[in-house]
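Novice: Quick one: this structure, given as structure tokens, is what I'll be asking you about.
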Amino acid sequence: MNGYATSDRDAVTAAPGGLLDLLKVAAVVLDAGGRIALWSPEIEHLLGWTAAEALRQRADTLLISPENRPRGRELFAQVSTGARWAGVFPLRHSDGTERAVEFRTMRLLDPEGQPHLLGLATDATTVRQVERDLALSHSLVNQTPLGIAVFDNDLRWVGVNPALERINGMPEEAVLGRRLGEVLPGLDVATIETRMRHVLETGRPLLDQQTVGRTAADVQERAYSESYHRIEDTDGRVLGLAMAVLDVTERQQAAAEVAQARQHLSVIADAGMKIGTTLDLQQTARELAGVVVPHLADLAAVDVLESVVASGTITPVSGGAPAEFRALAVAAGYPTDAIHAADPVGELATYGSSRVITQCVRSARPVLIERVDGKMLRRLARDSRAALALHEAGAHSYLALPLVARGKVLGTLSLYRTVNERPFDDRDQVLASELAARAAICIDNARLYGRERGTALTLQRSLLPSTPAEREGLDIAARYRPALSEVGGDWYDVLPLGPRRTALVVGDVMGKGVQAAAIMGQLSTATRALARLDLPPAELLRHLDDIAGSLGDAIATCVYAVCDLERGTCELSSAGHLPPVLAGTDGSAKLLDVPSGVPLGVGGVAFGTLEVDLAPGSLLALYTDGLVENRAEPIDTGLDTLTRLLRNTGSSLQRASDSLLSALSPEPDDDVALLLVRTRA
């Protein structure tokens, strides 16, 4: 592209902000003897020497380091003969450093014919940066497929890049200095120039402005997207206008297809985020109905086979047998009585073998009925009253999709169109099938999770001991609360060791589900067996660590305590577990600094022991991390709260246990085991 055109006004203006100001070009004049005769403010800014310091000084001794002086004198002699020299030469700054300076030099003669040397200088680094910027700008403008035009303030062409030459169908020389309408009359010139004046006046760019018209490059009308930007120098002086042009004809021709594809992708993406946010069967069904309405249907119902809901099993529908469904979700895209035509959520519904919904689950294939009449409605609705409600609502098209996961049918998704006049078609069926398939996997995951959670919870509860309310000299309260999501491997136990001696244990197996519960059972059983040997706490944990190591990848934390009421002491050892809390009758409570050790199953590290006094009325609290951990807060906050609450527990440990669970972990993300033991006064 050519540079900006020069107007008469530009020729007489002295406004700053041009390229020379950017480069900060400086001037220095040396006399015939090489002394500094003239010293400009710019050279003072560049090299730091003031005019008073520089004038009448020899340039080679003031400005050139000793090792460069021979070369400097050689260049001075060369220019003094009338030759010119241009290049980079290092000069000394007043702070002692050297600066690379770009020079343009020439000889001047005074009235007596004596030679002087004029040096025009600027910082070499600045010059290189400007050169790089100009080269980059030139490459981008000339190589981009985007058409770029520059206009002056009178809206006359100043330059175009090769891409715009191809769009215009004419070379740059044919448009320079002319107005848009003189060159391209086939465009909406009035609208384009109105946009250009608006940008020139306000300085606010206009982006993606649409124009349809014809250029010399094409006899057919094409669509263009244009963006306008005002060009200003560093001081805000308006230099002209830049316009970027992109041919978007093909994009507009494909707009309808793209819009539909985007809509489908949007629905699928929406489904990916909204369906399966939990492992709750009914919530997943509601999420599916909420996605398809109103994007795909005006009315939707999700029905799942009763066997899936009742027992977590899948009983196929075969032959002429009826199908039993449990309605899990119904949704409508607008207020309508037709929503009552669907099976009430939560209720059981039985459909005979000839009904469409039964055929859908039996064949595991979609059923598309483009046009629904009164006779067909009776095969779709649960009874004649529901069929009438659908008819009055204007139901005219129906689509049923089987919910198939891992090769098995779980239920159906039923879709109706009532206010949307377009009947369901094959494209709707493809999209609905995609949504049904995604939802079916989520529903099946919820089913499997429900079965596994039930099994793990049953196993967990069966392995936990029936804790006595009291032992000799001790009052005891214990609680176990499973997580709302997956059951883990937390456990507690109270083990008699002899007269007035009792062992307490609380542990937490890493992991979730049946496997964690099974490992917990093995470790709990091993602890009971080892406790019969009346081993010191550290030694018992060492044996338990060996056992955990033999269980594969089993890792668990554990705290083991032995209360000896004869001696009035308690010995504690920990395998990477959170510290117990000891509360006194004086209202004090503190975390016990038990040597933490490493979790069971890691091996190779000895366990330490802490012995504390157990005064009459002392309260010892052992717990797992689910009680004090909160994703929104650091664990220290939970520990501080637990310690504070244990300072005043009241007389009933049972009520104290319930209060702690309610205050610290009302809806736990992790299992909670809690053991409170108080010595009697």
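The values are calculated or read from the model by the stated rules, or taken from the named source; none is laboratory data. Small disclaimer: the values here were computed from a predicted structure and weren't measured. Counting neighbours? That spans all protein chains shown, and the Cβs are built from the backbone with ideal geometry, glycine included.
Novice: Of all residues in the stretch 551-591, how many are among the polar types (S, T, N, Q) and more than 28 Å from Gly603 (Cβ to Cβ)?
Specialist: If we filter the stretch 551-591 for residues that are among the polar types (S, T, N, Q), which is where we start, we get 557, 569, 573-574, 585, 588.
Now narrow it down to the ones that are more than 28 Å from Gly603 (Cβ to Cβ): 569, 585, 588.
Qualifying residue count for the region: 3.
Novice: Do we have Asp218 as over 26 Å from Pro185 (Cβ atoms), not in a helix (DSSP H, G or I) and not basic (Lys, Arg) here? Quick ask: steps written out before the conclusion?
Specialist: Working: over 26 Å from Pro185 (Cβ atoms): no; not in a helix (DSSP H, G or I): yes; not basic (Lys, Arg): yes.
So Asp218 does not fit the description; no.
Novice: Could you figure out which of (1) assigned by TED's automatic domain parsing to the domain that holds Asp233; (2) in contact with a Ser or Thr (Cβ under 6 Å, 6 or more places away or on another chain); (3) crowded, with 17+ Cβ neighbours inside 10 Å isn't true of Phe151?
Specialist: (2)
Novice: Taking interchain pairs and intrachain pairs at least six residues apart, which have beta carbon atoms under 8 angstrom, with the first residue in the stretch 659-675 and hydroxyl-bearing (Ser, Thr, Tyr) and surrounded by 14 or more Cβ atoms within 10 Å (Cβ to Cβ) and the second at pLDDT 80 or above and not in a loop (DSSP other than H, G, I, E, B)?
Specialist: Ser659/Leu645; Ser665/Arg481; Ser665/Gly626; Ser665/Leu627; Ser665/Val672
Novice: Give the residue, chosen from Ser433, Ser397, Ser414, that is within 35 Å of the chain's Cα centre (by Cα), buried (at least 19 other Cβ atoms within 10 Å of the Cβ) and of a type in the set (Ser, Thr, Tyr).
Specialist: Answer to the check: Ser414.
Novice: Please indicate, with yes or no, whether at least one residue in the stretch 527-543 is surrounded by 18 or more Cβ atoms within 10 Å (Cβ to Cβ), within 19 Å of Tyr480 (Cβ to Cβ) and in the same structural domain as Leu592 (by TED's automatic domain parsing).
Specialist: yes
Novice: Could you check the stretch 238-353 for helices (runs of 4 or more DSSP H) lying wholly inside it with 3 or more residues that are without any contact (Cβ under 8 Å) to a residue 12 or more places away in the chain and either β-branched (Val, Ile, Thr) or in contact with a strand residue (DSSP E or B) (Cβ under 7 Å, 6 or more places away or on another chain) (or both)?
Specialist: Values: elements: 249-253, 255-274, 281-295, 306-311.
Those helices (runs of 4 or more DSSP H) do not exist here; none qualify.
Novice: In the stretch 533-563, how many are touching a residue at least 12 places away in the same chain (Cβ under 8 Å), among the small types (Gly, Ala, Ser) and in a loop (DSSP other than H, G, I, E, B)?
Specialist: 1
Novice: Using beta carbons and a limit of 8 Å, which pairs, at least six apart or on different chains, have the first residue in the stretch 518-532 and without any contact (Cβ under 8 Å) to a residue 24 or more places away in the chain and the second one part of a helix (DSSP H, G or I) and among the basic types (Lys, Arg)?
Specialist: Between residues of the stretch 518-532 that are without any contact (Cβ under 8 Å) to a residue 24 or more places away in the chain and residues that are part of a helix (DSSP H, G or I) and among the basic types (Lys, Arg), there is no close pair.
Novice: Give me a count of the residues in the stretch 370-387 that are surrounded by 15 or more Cβ atoms within 10 Å (Cβ to Cβ), part of a helix (DSSP H, G or I) and touching a residue at least 12 places away in the same chain (Cβ under 8 Å).
Specialist: So the count comes out to 6.
Novice: Report yes if Gly72 is in contact with a Lys or Arg (Cβ under 6 Å, 6 or more places away or on another chain), at pLDDT below 90 and within 20 Å of Thr105 (Cα to Cα), otherwise no.
Specialist: no
Novice: Turning to a different aspect of this structure: What number of residues in the stretch 385-400 are touching a Leu at 6+ places or on another chain (Cβ under 9 Å) and closer than 20 Å to Gly352 by Cβ?
Specialist: Of the residues in that region, 6 qualify.
Novice: Name, by its number, the condition in (1) surrounded by 15 or more Cβ atoms within 10 Å (Cβ to Cβ); (2) in a loop (DSSP other than H, G, I, E, B); (3) polar (S, T, N, Q) that does not hold for Thr585.
Specialist: (1)
Novice: Is it the case that Leu390 is closer than 21 Å to Leu328 by Cα, aliphatic (A, V, I, L, M) and in a helix (DSSP H, G or I)?
Specialist: Details: closer than 21 Å to Leu328 by Cα: yes; aliphatic (A, V, I, L, M): yes; in a helix (DSSP H, G or I): yes.
Yes.
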